[in-house]
Amino acid sequence: MSDRSADILPVRQSMGGISDQLTGIPLHFPVERRWLIAMLFASLLLLMLMVSVVVLFAEGVGIWGINIPVNWAFAIHNYVWWLGIGHAGTLISALLLLTQSEWRNSLNRFAETMTLFAVVCAGIYPVLHLGRPWYIYWMFPYPATMDVWPQFRSPLEWDIWAVLTYLTVSFAFWYTGLIPDLAAARDRATKRSWQIFFGITSLGWRGSAAHWQRWSQAYRLTAGLAVPLVVSVHSEVSLLFASGQIPGWHSTIFPPYFVLGAAFSGFAVVSIIAVSLRSWFGLYNLVTDDHLDLLGMVLLATGLMTAYGYVFEVFDALYSGDAHELQTLADRLTGAYAWTYWGAIIFNFIPLQALWWREVRRTGWALLLISIAVAIGMWLERYMILVTSLYRDFLVSSWSKFTPTFWDWSTYFGTIGLFLVPFLIAIRVIPLISIFETEELLHEEKEKTHG
Amino acid sequence: MVERVYGLLAEFDSPEALTAAARKARDAGYRRLDAFTPFPVEGLARILRLPRPTISWAGLIGGFSGGGFALLMQCYTNYDFPLNVGGRPLYALSAFAVVMFELTILFSALSMIIAMLWQNGLPRLNYPLFAAKRFHLASKDRFFLCIGAEDEKYDEEQTSAFLQQAGASSVELVPQ
Amino acid sequence: MKSRRPQIDGDGGGPRLWSGLEELSNDAAFQAWVDAEYPTAAEFGPTARRQFLKLMGASFALAGLAGCEKSPFVAAFPYVDQPQSETVGLPRYYATALTFDGYAQPVIATTYSGRPTKLDGNPDHPVTKGRSDVFMQAAVLGLYDPDRAQGPTRHGEPTTWMDVTAAISTLRQDWAGDQGEGLRLLTGPTSSPTFQHQLDALRKQFPKMRVHLHEAAGEAARRTSTAAVYGQPLDMRYVLEQADVLVSFDDDFLGPGPNQVRNARSWASSRRRSSDRPGMHLHAAESVPSATGAVASSRLIADASRMARLAEALASKLGVGGATAGDLTPTEQSWVETIAKACGSARERALVTSGPLGDVGTAIWVARINETLNSAGRCLQFMQPITGPADAGTLKALVADMRVGKVHTLVIIGCNPAYTAPGGLGFAEALKQTRSTLHVGLQRDETGELCEWQLPLAHELESWSDARAVDGTASIIQPTIIPFYDVRSVHQIMAMLLGEIDPAADAAVRETWKSAFGDDFDGRWRQALHDGFVEGAAPAVSATVSSTAAPSARSAAGEGLDIVFRPDPTVWDGSFANIGWLQELPKPLTTLTWGNVIAVSPALAKRLDVVNGDHVELAIGDRNLVGPTWIMPGQAENTVAVFLGYGRSQAGRVGNQLGYDAYRIRPIDQPWLAKGSLRKTDGSETLAVTQLHHRMEGFDFVREVTAEHPTLPKADTPTSLYPPWPSSKNAWGMVIDLDLCIGCNACVAACTAENNVPVVGKEQVSVGREMHWLRIARYYTGDVETPRSFFQPVPCMHCEQAPCEMGCPVHATTHSPEGVNQMVYNRCIGTRTCSSFCPYKVRRFNFYDFRAPPDSPTHAAHNPDVTVRSRGVMEKCTYCTQRIEAAHATADKENRPLREGDVVTACQAACPTKAIVFGNINDPNSEVSRLRRDGRHYVLLEELGTRPRTTYLARWRDDDGGQG
């Protein structure tokens, strides 16, 4: 892809121009009104989450639709969904950094930002879904009065470590990349308050050559670590299911299946954000149609890989010939929750096919709609994987059903607020596209064009 | 006139000009050189003879200590309070591998970033150069070369003249 | 207060529960509180919501009481000075008895610090031999029922026993006036010698007084049929140990009832195969699927009114005089021939029975067959009726007299005619025409509500009395706790009627037995109290079919569907309606809880175009009712089953307004079998069932062996990657013999009582949150018209390689060295991973705080050795770990190793057929190891390699034709 980067950015623009344009967004916020409306909407969702959580903690998880056998539902599958979304941010900035795909430079900043808050949304679920959330700290190894330690063979225990590691590393990576831009913003800032804010957050960065050298090494190496981290984290999430013997879960395809699905949904959300931000702030010169084109390609690719996962899952069940696996397969295709299965298929893969056409990939609204479809589709997929396996497991006598309650939904939509509010704040206060990297890219392009 | 001086700051308007000037300065025998750019400029480090950074070592050490710590922690907890969990072995290395991997990454990444900041002497919010009038452009689209006052070849007139004819668009005296 | 009475009366319960009832009345504050506390309640429909409030209310009743006066119950609790003889924490055991339809159910009551917490059968008693049924297991909760009448009331106003005594003395003057002409006693069935004595004494005082007996369910039907057949009312005893072939015509002798434990025990002993004995073959013709049909070797599906025809056909095959073969369908033909052959060869070792609830025609043919087979007197024995009172009039006669004003005083003892009398009888209206009415009962129920006086009865666990078991063996009932309400035993009240002032609790009983025991009274009395019974069963009497007994077949005249009435399997005739344990106990075959249904055949359902839960209107004559449908696989096409015991308005907060009231349409003369019609009406409801899917779907959860292939193919246990963990000396294991399980739920009830399993209520059950640690999975195979039914008790499997344990992140569930899969409640944080990973789904989760409030009396029923689980905690079968530990302690004290039989789990102890065996699998000589070597032994879901400790013995399949 790096060959494409020759024309990824329009060359006819000055570095200073970019710097002013991008630092200008936080400093002289262009779309105050639209931002406020969005913020209001997001805060209402967040409020709903708070109410739901208060009720939840007061009453217990009984307010949800869960039962025996379906004693995991929204909490866990939304957790998986959010975490999956988060992964795309890391993949874009880390993986593409390593592969020298400069086109990432216009996307990585808000992609990473998205990652952070998506992981936060995911992170609250393991706490909320506990029967006794106030004892969450028992999952950490500390010399307890009970003398008992955590149980390190449990996928949930793995998860806690994985998610916390992921959150920390993503944050560190994001902030490291942000320092030079904070410095830039500091230098552009005119208001005292902004100068202080950026002055402190930029840690006194001055762009010294020696600093740049160490910074680059640290940044690239961290990126190198972040990629396997992403893979490991979502593989572990998949083990949450695959470690159990429940038909429909107990399969070796799960780790790659989950990781790809995660990337798929994540890139969808990245596209959503990219398209909306560029139209919000008129960043057509930085997030170009070529960017959308590339995003579309990645989306298509990951989508097809996820589709492979679906195919293999079916094959897996048929090939195993195991009666219970076949039963679960039948339940998925025709059972009470078949709508989740076919819903996932339709939303994930039907609109996706439009991305084979270059024009579609390059039109913002089309990409936006497709991405939204994918986000919904992946949500349905997580629902399907969880509920269709649990509601009818081995013993017929324990077969049951699951119906989400109001509180299931309010908690879920609430987390969307939990995602949007900090994200909106972030685009309000930090340069949402990496300034120096864009400048660097622009410079390189100029080099090339000058010969 | 200021009594104590940090150095002379020369401004260039392209990375190429900067690197050229830097090379001249080295040839002229200047040693206390530093460059300030909006983004990393290739080759600059070589010209300025900067030492190869040692971040990777920090990462390596961090990684090993993280993995080791995880393994010891998990083995110790099972040694300290052995319990039969579903007939699985006490020291289930296959299961422990997961947390080991996570902590390897965590420690490694954090130690590298901390090492980077430490070696860069950051955070340091005040710095003499910030006093320079045009230095704020170093984060925008200007490229600066600074010759430190401690350099034994440093002489205010000569050095600034040198920088002028090296192509600097402006040369500024930075007080300590 | 006054202003609120209407609401309270509307809501039912005793008037002493003022503030308890305020909570129930539509008090805005309380509503708000409930909304805050139980948001899901807000989503219930109006009815659901009301029931939710009621259920909560039951546990709050005591809180309510505290509002107006200190609860005597709470006051009765703490030891200020610990009694010399008492060690807190150590149980004491009392041999006593409860009564069920008048028959004694001999029990051993476990009490802690003077509180009975658990009842089990009396192991020395000839009838139960330590076994029990659901009613016995749940009775202890009835003792602590906050809705019991807690003191005498007049017109619903609290009053004192002084006033009662005064009132009775004035009444006695009236009675003396007309020698008791206008005095009537209406009593439920009783077998108490003391009661009989007091009755005789009362008769002496008032010669013209008359006694009437009203029995809503139970053996009354048997008496009518025996009277018709043998010319005298009789009690029957099936001596199944003697029988090789058993034929049942709509006789669910293994089903619930006073005889269940005895029948199940003897059936099991002759069903159990041994080298010398093939095991009894049971052939059942039935209209409504039952436990008996489910375990039968061959089963014929026929409408209730067809039984007489079938019986006659069998009779003619066996050469009974006067019997004609008649016209039979091919299926019926072949079935009759098969069993005719079987009976023919077995002769006197064959027994044919007909259900007490069936028609007389069947009973007559059955009786003749037994005489021809010569099994009467061997497999079938007769006794003079155990319950009485003898020569009592009927309810019908009483009502007639009341109508014409012949009755001025009516004393109702231990029955609830206002609810259980057939609707057509109009008892309630007749009661209004009676001047003085006294209701003597545990509760101020529908009848107490209408009577002038409500005299609260002491629970049998807190009173002195006596009663006779089904075999006539008498038990002396001794109190296991001092009455904690202001109540009197039935004998004290009878004594008051006899003119005594404040009689002693045990005076009358001692009086009775003085004469019986003669000299050395003290010795024999103490012995009787210690043993829990007095040696000596009722003598068998001989009976022959009376010549006058005309086999008027097809006696159930009229056209239309056969409507059969059945007592409810868990609340019986409604007297157990307010016991939460029984309400939440899944009914066999349907797994329905908290209500009753109108059971129809699949074909009829198709005709009516209804599905489970749809409302249908059932009409008999001019009376009708509306209830939810239940499609019963294997029910006879034109037979409709309705169940008694529901639709109560004064049962208490647990039992009110559940289901429909079948008594309303019950015919007066044919109480069990009538003709009627059914039609679909609009409306439907969700039924709270614990198992949604019953077809086995081709899996082999329940396996079978045949005489040809008596052993299952040995599956090699999947190998494990891991080295085995060392086991300690004892390795606990359980084997369940599916050939002996009759799905009676006694084990589930026992487990609930032993392990403080909470009651969660109808709404929670219908969303799949029931808490039973042990479920009886019920499956059927074959088509829905003629299925074969299977029962499979599923407790925790205690897998040696438990997936659940691996899933827990905090070590809250781990393995004990003895191989028990332990649940550490106080460590559990409620991730529910264990349940997700459990292939058997035997784990239960506290989705809410299901505990009763701190001052609820039900806490007194808790087993102090078992933690009461809080919200957000997983729980499951522990193999009764508290019993294991207790056994260890005893063994250590006597410093000896544990022996076989030291540990008996609650389910094992309760099981009437001994289908559950528990023990040490490391000991090759233990019963459980022997069974694990048996050819029928298999492991549920063995392919998963979880290596369960709980395993099963396959069912014997004898292909004797019939329909499943």
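The values are calculated or read from the model by the stated rules, or taken from the named source; none is laboratory data. All figures in this text were calculated on a predicted structure; none of them were measured in a lab. Quick reminder, even Gly has a Cβ in these numbers, built from the backbone with ideal geometry, and neighbours come from all protein chains shown.
See the values below:
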| item | result |
| --- | --- |
| All strands (runs of 3 or more DSSP E) inside segment C:353-448 with 1 or more residues being over 30 Å from C:Gly142 (Cα atoms) | C:380-383 |
| Boolean, C:Thr548 is assigned to a loop (DSSP other than H, G, I, E, B) and at pLDDT 90 or above | no |
| Failed item, numbered, when B:Asp34 is tested on (1) touching a Phe, Trp or Tyr at 6+ places or on another chain (Cβ under 8 Å); (2) within 12 Å of chain A (Cβ to nearest Cβ) | (1) |
| Filter result (more than 8 Å from every other protein chain (Cβ to nearest Cβ) and either aliphatic (A, V, I, L, M) or free of Cβ contacts under 8 Å to residues at least 24 places away in the same chain (or both)) within segment C:843-862 | C:Ala852, C:Pro854, C:His859, C:Ala860, C:Ala861 |
| Test: residue in segment C:764-777 that is facing chain A (nearest Cβ under 10 Å) and among the aromatic types (Phe, Trp, Tyr) | no |
| Only one of A:Val374, A:Val360, A:Val429, A:Val396 that is modelled with pLDDT under 90 and more than 30 Å from A:Ile196 (Cβ to Cβ) | A:Val360 |
| Yes/no for C:Cys834 being crowded, with 22+ Cβ neighbours inside 10 Å, in contact with a Gly (Cβ under 6 Å, 6 or more places away or on another chain) and more than 8 Å from chain A (Cβ to nearest Cβ) | yes |
| Selection from segment A:188-225 of residues that are within 18 Å of A:Thr438 (Cα to Cα), in contact (Cβ under 8 Å) with a residue 24 or more places away in the chain, within 7 Å of another protein chain (Cβ to nearest Cβ) and in a helix (DSSP H, G or I) | A:Trp215 |
| Subset of segment C:333-357 [surrounded by 21 or more Cβ atoms within 10 Å (Cβ to Cβ), out of contact with any strand residue (DSSP E or B) (no Cβ under 6 Å at 6 or more places or on another chain) and under 16 Å from C:Leu300 (Cα atoms)] | C:Val336, C:Gly355 |
| Subset of segment C:519-545 that is out of contact with any helix residue (DSSP H, G or I) (no Cβ under 7 Å at 6 or more places or on another chain), in contact (Cβ under 8 Å) with a residue 12 or more places away in the chain and not in a loop (DSSP other than H, G, I, E, B) - its residue that is surrounded by the most Cβ atoms within 10 Å (Cβ to Cβ) | C:Ala528 |
| Single condition B:Leu110 does not satisfy, out of (1) within 19 Å of the chain's Cα centre (by Cα); (2) more than 7 Å from every other protein chain (Cβ to nearest Cβ) | (2) |
| Answer from C:Pro106, C:Pro116 - the residue that is closer than 23 Å to C:Pro256 by Cβ and within 17 Å of the chain's Cα centre (by Cα) | C:Pro106 |
| Matching residues in segment A:153-186 - criterion: being within 14 Å of chain C (Cβ to nearest Cβ) and either in a helix (DSSP H, G or I) or within 25 Å of A:Pro26 (Cα to Cα) (or both) | A:Pro155, A:Leu156, A:Glu157, A:Trp158, A:Asp159, A:Ile160, A:Trp161, A:Ala162, A:Val163, A:Leu164 |
| Given (1) of a type in the set (S, T, N, Q); (2) over 18 Å from B:Met116 (Cα atoms); (3) within 19 Å of the chain's Cα centre (by Cα), index of the condition B:Asn78 fails | (3) |
| Number of the exception - C:Arg347 against (1) at negative phi; (2) assigned to a helix (DSSP H, G or I) | (1) |
| All helices (runs of 4 or more DSSP H) inside segment A:352-436 with 3 or more residues being out of contact with any helix residue (DSSP H, G or I) (no Cβ under 6 Å at 6 or more places or on another chain) | A:364-390, A:406-429 |
| Answer from A:Val374, A:Val360, A:Val387 - the residue that is touching a residue at least 12 places away in the same chain (Cβ under 8 Å), out of contact with any Pro (no Cβ under 7 Å at 6 or more places or on another chain) and more than 28 Å from A:His129 (Cβ to Cβ) | A:Val360 |
| Criterion (surrounded by fewer than 20 Cβ atoms within 10 Å (Cβ to Cβ) and part of a loop (DSSP other than H, G, I, E, B)) met by exactly one of B:Gly29, B:Gly87 | B:Gly29 |
| B:Pro82 vs. criteria within 27 Å of A:Trp138 (Cα to Cα) and more than 7 Å from every other protein chain (Cβ to nearest Cβ) | yes |
| Which numbered condition B:Leu110 misses (of (1) within 24 Å of A:Phe436 (Cβ to Cβ); (2) surrounded by 23 or more Cβ atoms within 10 Å (Cβ to Cβ); (3) at pLDDT 85 or above) | (2) |
| Which numbered condition B:Glu152 misses (of (1) at the interface with chain A (Cβ under 9 Å from one of its Cβ atoms); (2) in a loop (DSSP other than H, G, I, E, B); (3) modelled with pLDDT under 80) | (1) |
| Number of positions in segment C:450-494 that are under 19 Å from C:Leu119 (Cα atoms) and charged (D, E, K, R) | 4 |
| Criterion (part of a loop (DSSP other than H, G, I, E, B), more than 20 Å from A:Pro255 (Cβ to Cβ) and away from chain C (no Cβ under 13 Å)) met by exactly one of A:Pro143, A:Pro150 | A:Pro143 |
| Which listed residue, of C:Asp120, C:Asp124, is of a type outside the set (Ser, Thr, Tyr), in a loop (DSSP other than H, G, I, E, B) and either crowded, with 24+ Cβ neighbours inside 10 Å or at pLDDT 90 or above (or both) | C:Asp124 |
| Residue match in segment B:130-141 (condition: more than 10 Å from chain A (Cβ to nearest Cβ), out of contact with any Pro (no Cβ under 6 Å at 6 or more places or on another chain) and either aromatic (Phe, Trp, Tyr) or buried (at least 18 other Cβ atoms within 10 Å of the Cβ) (or both)) | yes |
| Sole exception among (1) buried (at least 18 other Cβ atoms within 10 Å of the Cβ); (2) more than 8 Å from every other protein chain (Cβ to nearest Cβ); (3) in contact with a Phe, Trp or Tyr (Cβ under 6 Å, 6 or more places away or on another chain) for B:Cys75, by number | (1) |
| Residue within segment B:6-19 that is in a loop (DSSP other than H, G, I, E, B), within 11 Å of chain A (Cβ to nearest Cβ) and either modelled with pLDDT under 90 or buried (at least 21 other Cβ atoms within 10 Å of the Cβ) (or both) present | yes |
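Okay, residues lined up against (1) in a strand (DSSP E or B); (2) closer than 21 Å to C:Val127 by Cα; (3) under 33 Å from the mean Cα position of the chain (by Cα); (4) of a type in the set (Ser, Thr, Tyr):
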{"position": "C:Asp163", "(1), (2), (3), (4)": "no, no, no, no"}
{"position": "C:Trp175", "(1), (2), (3), (4)": "no, no, no, no"}
{"position": "C:Gly180", "(1), (2), (3), (4)": "no, no, no, no"}
{"position": "C:Val211", "(1), (2), (3), (4)": "yes, no, yes, no"}
{"position": "C:Glu215", "(1), (2), (3), (4)": "no, no, yes, no"}
{"position": "C:Ala221", "(1), (2), (3), (4)": "no, no, yes, no"}
